[in-house]
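Derivation of every value follows stated rules applied to the coordinates shown; laboratory data play no part. Here the structure is a predicted model, which means the values were calculated and not measured. Ideal geometry is used to build each Cβ from the backbone, glycine not excepted, and the neighbour counts take in all protein chains shown.
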Amino acid sequence: MYSYRRCPYAMRARMALKYAGIEVEHREIELRNKPQAMLLASAKGTVPVLCLDDAVLDQSLDIMHWAIEQSDPDGWKDVDDVIAQAWIEKNDGQFKTLLDQYKYPNRFPELDPEVVLDEALERMLLPMEGSLQGSQYLTGNRLSWVDIAIFPFIRQFSMVDAKQFERLPLPATKRWLAQQLESELFNAVMQKYPVWLD
């Protein structure tokens, strides 16, 4: 699998593979110098890319679903698909756009950072907070693939301005985030690898 340590898409794929107990050859890439073998496997040129014997999976959610189809010891896939899909669309769509705007304000000089933050709160973080005040996880009282798929993006958001994030009225979301950050699973997939070269 071609991966980049800090990429949230690669992170969620690695977590699902680790959870499912699937051993992969990890190939850490440099974004500025992508290996030819990865580009031949997947022309889109972004991570993660999982090369199987008979297929190439180059979408993080496809990798997650494939992994938990192989092995799902804690029932990650036992969720309401409509609720799961709504969270994923919210996260991977509008929130990802707002996250990029929040993280790289110099790329969006026409936007007011406060407005971006307010919109991220309204569209993603406050709905999450409401959900997490009612249950331990996003789809109920058991960890699911949905939590793992969304967690790396909330992590990234929280790190843009840690002091500002700390001031936000999101106690349940912060608890949920801390639980994932402290988990064995997350820490197991964050080890550093040397850059893989063709």
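Observations, loosely collected:
- Residues residue 104 and residue 30, FRET efficiency given R0 of 22 Å [Cβ-Cβ distance, rounded to 0.05]: 0.65
- Separation of the alpha carbons by more than 22 angstrom is noted, of 103/163; 44/96; 18/192; 77/103; 34/90, for 77/103; 34/90.
- Stretch gain in nm, segment residue 183-residue 80, where the contour uses 0.36 nm per residue and the Cα spacing is subtracted: 34.7 nm
- Label point of residue 172 set 7 angstrom out along Cα-Cβ; within the stretch 118-141, amide nitrogens under 17 Å from it belong to 121-141.
- Rel. contact order, % - alpha carbon contacts under 8 angstrom, at least six apart, the chain: 28
- The trypsin sites (Lys or Arg not before Pro) of the stretch 104-150 meeting both criteria, a DSSP state outside H, G, I, E and B (loop) and at most 15 other C-beta atoms within 10 angstrom of the site's C-beta, are 142.
- Candidate membrane-span-like segments in the chain, meaning DSSP H helices with Cα atoms spread over at least 20 Å of their own axis and a Kyte-Doolittle mean of -0.5 or above, are 145-160, with no membrane implied.
- Prolate/oblate/rounded label for the stretch 41-196 (Cα gyration tensor, a/c 1.5): oblate
- Whether the stretch 131-198 is rounded, prolate or oblate, judged on the alpha carbon gyration tensor where a/c under 1.5 counts as rounded: oblate
- FRET efficiency estimate (nearest 0.05) - Cβ-Cβ, residue 22 to residue 136, R0 22 angstrom: 0.25
- The stretch 2-133: C-alpha gyration tensor shape, a/c 1.5 cut-off, then a/b vs b/c: oblate
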